[in-house]
Amino acid sequence: MRISTLQAFSIGLNGISDVSGQSIKTQNQISTGKRIINPSDDPVASARVLQLNQDKAQRDQFISNIDSSTGALELEEQYLESAYEIIIRIRELAIQAGNGAYTIVERHSIAEEVEVRMEELVDLMNSRDINGDYLFAGFKGDTQPFVKTDSGSYDYEGDEGQRFVSISSSTTIAVSDSGKAVFEDIPSAQNSFFTAASPNNTADPAAFITQGIVVDQAAYDAFYPEDMLITFNDPTAVVPAQANYSITQKSDGRSVVSNVPFTSGDQILVNGVDVAINGTPNVADTFFVESTAKQGLLTTIGRLVEGLRMLGDHQQAERDELLGSSLANLDNAQISISQVQSQIGGRLNTLDSVRDLLSQVDVTSQAILSELQDLDYAEALSRLSFETFILEAAQQSYVKVANLSLFNFLR
């Protein structure tokens, strides 16, 4: 078979190109430390490496979530511990206020400290996390959860949402607790109530109702669970004309009291409840006294302050009843906080366990990745030496073939 000069040159160049390409590939493998440079080098292993790298990226995100969740829960735990300590101090003050030898002036001094402690507690309950969101506002992280009203009580403006974070492909964990669950929905030691003004009231400036206290638990228990409506009447309907109000049962409209003369700030004593309305209500303005089996922590402390300031030396029985119910409700608040702290401890343990599991999986995954894509340097260096030898031989053969021409013999 005859081989043309062009074929001889082409075969030689192709051989050199192939050996040179393989040598360059081996050099790239040695410089990167990877066996697979392009997916075509090993399609099956490349697909497996891609999957393992995607799994690792997901695990890295889960670990990042675990770290941020751990920080959030530890921060919440610190705030709850501080709140618990404040409640302990308020309990001590309540017990101290029960000393029969104390004068009303001394009880007022205790009320002042309790109020300061309550403001400190409110600051904790309105704390923010590291992202600037309110910690106890539920899903409404940009809304201050506990807001002071004109009456001096506090309204909860957050919601009942609980934020969750994914920490594995099948596990999510709560990283927050709503202030309503922790500080508001606390079982009351006795039948209790809350007060509110109707949103349809027209007085400007608005009149407001105090949160009030129970001064006769037996009387209120007999009325419970009824609700009361305090409605202001037309003053010209009575003689002589004077601002007045009537109180009815909410369920059936039955009259409790009618046309009672009104003076702003005066006590309204009815069915064992003592409240006051401040301001100048308009005709038909309405206020609610609604029964409840729960009592928020700030309501408990606010009523303690109000009772210590309002009840005189001659009202020892009412004061004892107030202090007894306050202590019982403070105990319930401590139980509520302790339960949440226990839940946080369980979540932190879960985070630690999942982090350990992800770390173990990561070690195994890295070992498999190493087997699939890491280069055997000894084998690669030996191969590179052999390929270099072949390349040099191919180059020398090409030079000799290139000189095999009739023109060399005709010169």
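Residue by residue, the stretch 112-119 carries 3J(HN,Hα) couplings of 4, 5, 4, 5, 4, 5, 5, 5 Hz when phi is fed to the Karplus relation 6.51 cos²θ - 1.76 cosθ + 1.60 (θ = phi - 60°); x denotes Gly or Pro. Relative contact order of the stretch 189-293, taken over Cα pairs closer than 8 Å and 6 or more residues apart, is 43 percent.
Computing FRET efficiency as 1/(1 + (r/R0)^6) for Arg128 and Ala206, where r is the C-beta to C-beta distance and R0 is 25 Å, gives about 0.25. Based on the Kirkwood radius over alpha-carbon pairs, what value in µm²/s does the Stokes-Einstein equation return for the translational diffusion coefficient of the stretch 189-293 at 37 °C and 0.692 mPa s? The diffusion coefficient I find is 236 µm²/s. Placing R0 at 35 angstrom, the Cβ-Cβ distance between Thr236 and Arg309 gives a FRET efficiency of 0.45 after rounding to 0.05. Residues whose amide H falls under 5 Å from that of Ala137, counting only those 5 or more places apart or on a different chain, are Gly179, with hydrogens built in the peptide plane. Between Thr364 and Ser170, the modelled labels are 1.3 nm apart [label points 7 Å from Cα along Cα→Cβ]. Of the cross-linked pairs Lys148/Lys250; Lys180/Lys250; Lys148/Lys294; Lys250/Lys294, those separated by over 23 Å at the C-alpha level are Lys148/Lys250; Lys180/Lys250. Derived scalar couplings between HN and Hα for the stretch 73-80 equal 5, 5, 5, 4, 4, 5, 5, 5 Hz in order, rounded to whole Hz, by the Karplus curve 6.51 cos²θ - 1.76 cosθ + 1.60 (θ = phi - 60°), x for Gly and Pro.
Using θ = phi - 60° in the Karplus curve 6.51 cos²θ - 1.76 cosθ + 1.60, the 3J(HN,Hα) couplings for the stretch 273-281 round to 9, 10, 10, 8, 10, 10, x, 10, x Hz; x is entered for Gly and Pro. Taking a ≥ b ≥ c as the square roots of the Cα gyration tensor eigenvalues, the stretch 156-202 comes out oblate, since a/c reaches at least 1.5 and a/b does not exceed b/c. Between Asn233 and residues 5 or more places away or on another chain, which pairs have amide H atoms under 5 Å apart, with H built 1.01 Å from N, and which residues are they? HN-HN under 5 Å from Asn233: Asn244, Tyr245, Ser246, Ala284.
Applying a DSSP loop filter and a limit of 15 other Cβ atoms within 10 Å to the chymotrypsin sites (Phe, Trp or Tyr not before Pro) in the stretch 129-162 leaves Phe139. The simple spin-label model puts a point 7 Å past each Cα toward its Cβ; for Val116 and Glu157 those points are separated by 2.7 nm.
Shape analysis of the stretch 51-199 places it in the prolate category; the axes a ≥ b ≥ c from the Cα gyration tensor give an a/c of at least 1.5, with a/b above b/c. For Phe146, nonlocal amide neighbours, meaning residues 5 or more places apart or on other chains whose placed amide H falls under 5 Å from its own, are Glu157.
Quick note: the coordinates plus some simple rules give every number you see, no bench work behind them. None of the values given here were measured: they were computed from a predicted structure. Backbone-built Cβ (ideal geometry, glycine too); neighbour counts: all protein chains shown.
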